[in-house]
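Laboratory data are not the source of any read-out in this text; all were calculated from the coordinates shown. In this text the structure is predicted, and so the values were computed from the model without any measurement. Virtual Cβ from ideal backbone geometry, glycine too; neighbours counted across all protein chains shown.
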């Protein structure tokens, strides 16, 4: 038998077993933490983004998150477009041009890197060719690749944040009766899709000192919202050093407000078409509703010709 | 084709000329307009039309998505994000397709339970029913491969777990399971080759489904529709022409169904999916909780309920294959469960067992969950293999109406006022 296949099969089986064991122990321990639901302007079947909140959230991203995390599925132009933070185009252009994480490019000779020479003309190394960002470019983080990120971050990888709220959700810890008969119908009726934002808010506001009997790994932080309670990310926001908002930004800066705003901003980054989706959704629902009623009346009329 | 005489009479010379060469208008007229529809069928009979609608939605949206999608391991995830973010109305097409798969299964399951309840699998509809079982199998294969295409974490690990099931065949003939797995993967692990072939098959299988659906509808139009009494059409009083009666009802039901469909597309596009599928596939990181889409959960629960891997795989496939045999496992003299005082309680238990297996499939396989999964799995098979044959023999059915018309108009069978 092929040894490569055998070993990959064995690895998969081992992985599946590990997972089921991990899941068992997590479930036995009560699973992840309880995540409190927050109220969001973009929640439910009618919610829309709050432009001012997205602008504040971008500021939090810019001043804190972007030190480690990229936002590469969002282009600078998206910050200008309707349904988002809707910053003025000129301001975004200027910001993109000054953004420290520049765009990889080709040299005039068509190369990714150019030779560095000292003043005697001796080759001393290479440097990547980079240029300032334009509106059409993605918002990049500080690291060129995973290896560079891990090397700089004590082995941890700060994920790109473009989809972070979509890629997280909250678990339902209720028994089956409440879960299936109460919570699920309620969530479907109100259009609850904000689990990722709820989780992110909880994560950002749940850093704490570990309990006495808890052993933290080296360089790890204690966080009650994070599964397993040990997270590599240092607290990105803090009570004592809030990210200040300008006069007229619509809210007063605090740890909670910073967290709420950046969670809203990243929800937009993960789902930039939400405003249009829900607006068109209601137009479609209205059309379908009227047509359904008309078709029902037509059906009733047709069937009134016979006993049935 | 069809069990009734053609009533089509070409009105113009051109229509007559055409009719003598390719009687497609005659086919339409006989099968879609004049086709005899039992006058007593209820709204559960509208799901056939709804399913055709679902199939068309999946085909149209799928073909458009394929114009923007890249079926390679490096680009698949990015291309789905490109569709969501940059393609004009890409988010709409993608939501329609993803939610559409769920709606397709929802309608198919209702359609199947309707057939089970009213005995629509019994003679003369055995072939019609078995074609339906083939369709649901083809749908499952298509949906499974489609779910791999976004190449997120759940895509990748669902493919890994499910394709690995075939390795259990090594327990029967050593080497065969491994060979099948290797053949499915196109290599020694799930990777780009697997994705590319799944994309190809995901595009092919829907057309196989179309073919099966044509046969399914053909068979339906030979034997005619069943109805809530299970009594066949006997006289002219028993039926109404398909148009405008069934068509007006189907159209209303389709739009009512579209309301639910649109609710999920616009307001809950990710509710039926899994957050982990917004993380790009990574062979080195296993998600904490690998679960299939909701429509596979009952089968997943059966798979995990059996303590042996091979046994679980056999049970999972058997849970569908057993449906092929129920036309002969059901020994009842009457079709409709409405007239079966004992069996109707067992039918209720079957529905509960299927829903419970769905819930348990989403839970970790441990402790009480696994015990309940075993109980409901045992019931699922016992229902078809033991209860159906035995209850059919010992039960005395309630008296059937003499005709469909009598069930609607009362024993006097009044002449309809048309």
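Tabulated data for the structure shown
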quantity	calculated
Spherically averaged projected area in nm², based on the convex hull that wraps the Cα atoms of the stretch B:1-45	4.0
For the protein assembly as shown, calculated [θ]222 nm from helices alone, where every DSSP H run of n ≥ 4 adds -39500 (n - 2.57)	-16500 deg cm²/dmol
Peptide B:165-174 - average C-beta neighbours from other chains (10 Å radius)	1
Debye equation applied to the C-alpha atoms of chain B, log10 I(q)/I(0) at 0.06, 0.13 Å⁻¹	-0.30, -1.23
Cα radius of gyration and Dmax for the stretch A:203-285 (Å)	17.7, 56
Relative contact order (%) - chain A, alpha-carbon pairs under 8 angstrom, separation at least six	24
Cα-projected label distance for residue B:362 with residue A:234, points at 7 Å along beta-carbon direction, nm	4.1
Burial ranking of peptide ranges B:298-307, B:134-143, A:226-235 (average Cβ count within 10 Å, highest at the top)	B:298-307, B:134-143, A:226-235
Overall Cα dimensions of the stretch B:203-332, principal axis frame, Å, largest first	67, 42, 29
Reciprocal of mean inverse Cα separation for the protein assembly as shown (Kirkwood radius, Å)	29.3
Hydrodynamic radius by Kirkwood, which averages 1/r over all alpha carbon pairs of the stretch B:194-272, in angstrom	16.7
FRET efficiency for residue A:91 and residue B:109, using Cβ-Cβ distance with R0 set to 51 Å, rounded to 0.05	0.45
Computed Rg/Rh of chain A, alpha carbon atoms with Kirkwood Rh	1.08
Label point distance in nm, residue B:393-residue A:216, each placed 7 Å from Cα along Cα→Cβ	7.2
Kirkwood Rh, Cα atoms: Rg over Rh of the stretch B:67-183	1.09
Directionally averaged projected area (convex hull, Cα atoms, the stretch B:314-418), nm²	9.5
Computed FRET value (nearest 0.05) for residue B:188 with residue B:320, which takes r as the C-beta separation and R₀ as 25 Å	0.25
Per principal axis, descending, Cα span of the stretch B:1-146 in whole Å	58, 45, 24
For the stretch B:39-125, alpha-carbon Rg and Dmax in angstrom	17.6, 56
Sites residue A:184 and residue B:56, calculated FRET efficiency, Cβ-Cβ separation with R0 35 Å, nearest 0.05	0.75
Computed over the stretch A:29-101, Kirkwood Rh from alpha-carbon pairs, angstrom	14.5
The stretch B:138-252: projected area of the alpha-carbon convex hull, averaged over directions, in nm²	11.7
Per residue, the convex hull volume that the Cα atoms of the stretch A:143-259 enclose (Å³)	173
Extension gain from residue A:290 to residue A:81, taking 0.36 nm per residue of separation minus the Cα-Cα distance	72.0 nm
Highest average packing first - B:269-279, A:80-90, Cβ atoms within 10 Å	B:269-279, A:80-90
Taking A:183, A:105, A:198 and counting other C-beta atoms within 10 Å, the order from fewest to most	A:105, A:183, A:198
For peptides B:222-232, A:245-255, sequence by mean Cβ density within 10 Å, most packed first	B:222-232, A:245-255
Shielding of A:299-308 by partner chains, average beta-carbon count, 10 Å	6
P(r), alpha carbons of the stretch A:106-174 - 10 Å bins starting at zero, rounded %	15, 26, 31, 17, 6, 4, 1, 0
